[in-house]
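Okay, structure first, notes after.
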Amino acid sequence: MRSRGEVGELPRRMHKRNRVVITGIGVLAPNGTGLEAFWKTLFQGRSGIGPITLFDATGFKSRIAGEVKGFDPLDYMPREWKPRRMGRHTQLAYAATKMALQDAAYDPQTQNARAVLPVSIGVSTSALDVIERGFHELQEGGPRRVNPGVVSNCQPQAAARLIAEKLGVETHATTISSACPSGMDAIVAAVTRIRSGDVEVAIAGGADAPVTPLTMASFASAGLSSQANDDPAHASRPYDVSADSGVISEGAAVMVVENLDHAVARGARIYLEITGYAAQMDHDSSDPFAGLEHTMRLALANACREPHEVDYICAYGPGHPVLDAAEVKMIRRVFGAKAKRIPVSSIKGVTGNPLSAAGPMQMATCALVFTHNLIPPTANHTEPNIGCDLDFVPRQGRRAKPNCALINVRGLGAGNTTVIVERFEPND
């Protein structure tokens, strides 16, 4: 058993009842579909950002994005479901759910027959691709030519609803929309239900597909999408002096979230344990971004941990100079002198910013860090920006065996979520 006095080791946890673990992960990201491809490119620092192909971006300020390569919804669902009428984020969310259930070796129809299986999916907005298609149909053919499927397929809850409908068991579908933290907030909602003893297993994660003409034009107009169109692979540069902004991307990451005792009883592989979390908005206009400081402190307290016990930070780091520097400032406040000694990496140099899917992808990253005993680099980080002077694991990943990781997520509207995850040891 670990003792508090050993360097890098963690003490016995104070809360033993209804502990929560991750037993299955499904991920579709610009840098790879499936855990193996996702991890390989992540650790190599190989970017998934490229020229936009989902629409003709000629004339756009920002003509690059992170697109999920080679995705065909018919690989995951039958043609009679008419998947091409669905929002792309719904397609991605369902595909990630199928992958997560398979990865967890969990069949809801045989292993969850007498219990409600909650589905909690985070999305940042409605299915704008469906709305835009409907608008074009209206403009080109008049009101009688609009596809009737627009009404149901554009709804924010379409992804959670589809997953719940197709599981074949009693479910409760919840959609959370809190900007970029949505996916992580959805996982936290599932964790809360399991901790309370309400359920033993839940499906949770996030999905977004914002690479549409209106969305990309809007982000570019707001200065939130990089215009490094000539070098897309190096456009997303977290904490780097050459960064002009982040890069918008799409994707989905879904988890099978499970009560520890239930997971052990069925012999499930356990990726990590979720031990603490907190969510809070910035509330003091004179101290912007301070909400992130508070969520880090509260999540640590919720996990019964002290700052010195964290040995990896999977950071928000979107690649926007102002947002990057603000996160670093809050990390320094919480961790003090130790801040410079903790490995901090952002995956967005590889994935771009997939909005509500970002937090779940960061959780998947931590699961793979614990699995492989390797920390991925902050891709494209070569020279620190002003105010960004932490150990960002530049240029290449490194071998390490962290036991406790902190994940930060932040979004438009000043929402912040922090989650503490830990390596699971069978004897804990």
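The numbers here are math on the coordinates, done by the rules we state, and not lab data. Note that this is a predicted model, so its numbers are computed, not measured. Here the Cβ positions follow ideal geometry from the backbone for every residue, glycine too, while neighbour counts run over all protein chains shown.
Of the peptides 77-83, 103-109, the order by per-residue mean of other Cβ atoms within 10 Å, starting with the highest, comes out as 103-109, 77-83. Within the shell of other residues whose beta carbon sits under 15 angstrom from the beta carbon of residue 395, the net charge comes to +1, with Lys and Arg scored +1 and Asp and Glu -1. Running Debye on the range 24-180 with equal point scatterers at the Cα sites and no solvent, what base-10 log of I(q)/I(0) appears at q = 0.13, 0.20, 0.21 Å⁻¹? Here the Debye-derived log intensity ratios amount to -0.73, -1.44, -1.49.
Taking 7 Å steps out from each Cα toward its Cβ at residue 37 and residue 111 produces label points 2.5 nm apart. Taking label points 7 Å from Cα along the Cα-to-Cβ direction, residue 382 and residue 264 give a separation of 5.0 nm. Bridging of residue 338 to aspartates and glutamates at a Cα separation below 13 Å is possible for 306, 309, 311, 389, 391, once same-chain residues fewer than 8 apart are set aside.
Shown is the FRET efficiency for residue 222 and residue 132, computed with R0 = 25 Å from the Cβ-Cβ distance and rounded to the nearest 0.05: 0.85. Each semi-axis of the equivalent ellipsoid for the chain is √(5λ) with λ an eigenvalue of the Cα gyration tensor; in descending order they amount to 32, 28, 18 Å. Residues in the range 269-275 carry Karplus couplings, in order, of 6, 10, 7, 6, 10, 8, 10 Hz; the curve used is 6.51 cos²θ - 1.76 cosθ + 1.60 with θ = phi - 60°, and Gly or Pro positions show x. Modelled spin labels at residue 298 and residue 244, positioned 7 Å past Cα toward Cβ, are 3.7 nm from each other. Computed from point charges on the beta carbon alone (+1 for Lys and Arg, -1 for Asp and Glu), the dipole magnitude for the range 163-225 about its Cα centre is near 120 Debye.
Applied to the range 219-233, the Karplus parametrisation 6.51 cos²θ - 1.76 cosθ + 1.60 on θ = phi - 60° returns per-residue 3J(HN,Hα) values of 4, 5, 5, 7, x, 10, 9, 4, 10, 7, 5, 7, 9, x, 5 Hz, with x for Gly and Pro. The lysines within cross-link reach of residue 82, meaning a Cα-to-Cα straight distance under 29 Å and a gap of 8 or more places when in the same chain, are 69, 98, 166.
Our helix-only sum for the chain, with -39,500 (n - 2.57) per DSSP H run of n ≥ 4 divided by its residues, gives a mean residue ellipticity at 222 nm of -9000 deg cm²/dmol. Here the scattering of the range 180-234 is modelled by Debye summation over its C-alpha atoms, one equal scatterer each and no solvent; at q = 0.16, 0.30 Å⁻¹ the log10 of I(q)/I(0) is -0.66, -1.11. Taking the square roots of 5 times each eigenvalue of the Cα gyration tensor of the range 87-171, largest first, gives ellipsoid semi-axes of 32, 12, 10 Å. Extension gain for residue 389-residue 195 works out to 66.1 nm (0.36 nm per residue, less the C-alpha to C-alpha distance). Inter-part distance, the range 143-217 to the range 238-285, computed on C-alpha centroids, equals 16 Å.
Among 55-66, 354-365, 235-246, the peptide with the highest mean count of other Cβ atoms within 10 Å heads the list, and the full ranking is 354-365, 235-246, 55-66.
Ranked by the mean number of other Cβ atoms within 10 Å of their residues, highest first, the peptides 402-412, 290-300, 150-160 come out as 402-412, 290-300, 150-160.
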